Amino acid sequence: MISILPNEIDTSVLHGYLLGAVGPRPIAFASTIDEQERPNLSPFSFFNVFSSNPPILIFSPARRVRDNSTKHTLENVLKTKEVVINIVNFDMVQQMSLTSTEYGKGTNEFIKSGLTMLPSDIVRPFRVGESPVQFECKVTKVEPLGDKGGAGNLIFSQVVKIHINSNVLDENGSIDQLKIDQVARMGGNWYSRANQGLFEVPKPLSTLGIGVDQIPENIRLSKILTGNDLGLLGNVAKIPDAQEIADFLADHPSVMTLKISADIEKIHKKAQEFIQDNEVLSAWKLLLP
């Protein structure tokens with residue numbers, strides 16, 4: 001057993017201990033808009049439900065440990081007092097992860113991740129169409145917990161309308177915990193799938209991933225590749241060039257044969273196998289002309 005006084009270790013180390021020990025943590029996939037009505041979408045795992053009457057959800061965008069800067073979500077909420085909190089399930093986890101990339105202010109993470117923007121009925125921020133449950137919220141209070149790197153900001157979000165995908169309901173109209181297939185955050189790269197257990201999601205690149213919007217349309221609209229597959233394809237710094245593709249095909253004759261066949265379904269299925277084996281660049285080299 002080791003014993004630690006929080007003020008005697010570096011904040012980044014303390015942050016790692018806290019996130020590694022306290023979990024699984026539900027994910028608030030928060031949609032906001034800025035003062036120019038530009039959408040922003042970002043996930044936060046400092047999140048839970050704290051009251052049902054009134055219905056209050058609280059999430060906390062922490063100040064960045066490395067430079068004490070604040071996140072666009074917090075800045076937007078302070079100005080607009082509105083947010084949509086979307087629940088994350090397994091089918092969208094890779095696209096959700098891609099939105100945690102720190103794109104510049106004004107970048108639309110819906111577009112970068114390939115997720116669907118749905119208009120809300122009461123608040124101005126958009127809902128995530130792929131999310132099984134979406135909460136339109138009015139922000140009643142923002143409580144800063146400090147002014148140094150790592151300090152949280154509690155955003156009290158009162159639910160004013162709920163949208164639930166009927167596919168996750170059971171015969172009694174309740175949310176079926178197997179069907180909703182939620183994911184939660186653990187420490188490091190680890191997540192927990194509520195109905196199956198632990199799995200790993202690679203962190204987005206420190207350099208900016210190209211985003212789903214930069215994937216060629218014939219790949220992006222694939223009938224085989226899933227949203228998670230596209231999320232991983234979008235999390236590369238650059239698309240392989242012609243020489244890299246040629247070298248790869250020369251080293252993999254069976255892949256070359258498949259590519260020559262021009263059988264799109266088989267090509268996309270093989271690319272999906274590469275992605276599932278964490279060989280995302282190999283998938284790109286197969287998919288590109």
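Of the helices (runs of 4 or more DSSP H) that lie entirely inside the stretch 203-289, those containing 3 or more residues that are among the polar types (S, T, N, Q) and over 30 Å from Gly187 (Cβ atoms) span 253-261. In the stretch 218-227, is there at least one residue being without any contact (Cβ under 8 Å) to a residue 40 or more places away in the chain, open to solvent by less than 20 Å² (accessible area, probe 1.4 Å) and of a type outside the set (Ser, Thr, Tyr)? Looking through the stretch 218-227, none of the residues is without any contact (Cβ under 8 Å) to a residue 40 or more places away in the chain, open to solvent by less than 20 Å² (accessible area, probe 1.4 Å) and of a type outside the set (Ser, Thr, Tyr). Scanning the stretch 85-140 for residues that are over 17 Å from the mean Cα position of the chain (by Cα), of a type in the set (Ser, Thr, Tyr) and either closer than 23 Å to Thr226 by Cα or assigned to a loop (DSSP other than H, G, I, E, B) (or both) turns up just one, Ser120.
Here is a list of conditions, (1) closer than 16 Å to Leu98 by Cα; (2) among the charged types (D, E, K, R); (3) open to solvent by less than 80 Å² (accessible area, probe 1.4 Å), and Lys161 meets all of them except one; can you say which number that is? For Lys161, the failing item is (1).
Would you be able to say whether some residue in the stretch 264-277 is within 21 Å of the chain's Cα centre (by Cα) and open to solvent by 50 Å² or more (accessible area, probe 1.4 Å)? The answer is yes; a qualifying residue exists. Just one of the listed residues (Leu258, Leu287) is modelled with pLDDT of 95 or more and surrounded by 14 or more Cβ atoms within 10 Å (Cβ to Cβ), and it is Leu287.
The values are calculated or read from the model by the stated rules, or taken from the named source; none is laboratory data. The model shown is predicted, which means the values in this text are computed figures rather than measured ones. Quick reminder, even Gly has a Cβ in these numbers, built from the backbone with ideal geometry, and neighbours come from all protein chains shown. These accessible areas exclude ligands, DNA and RNA; they are computed on the full protein's heavy atoms, side chains included. Shrake-Rupley method; radii C 1.70, N 1.55, O 1.52, S 1.80 Å.
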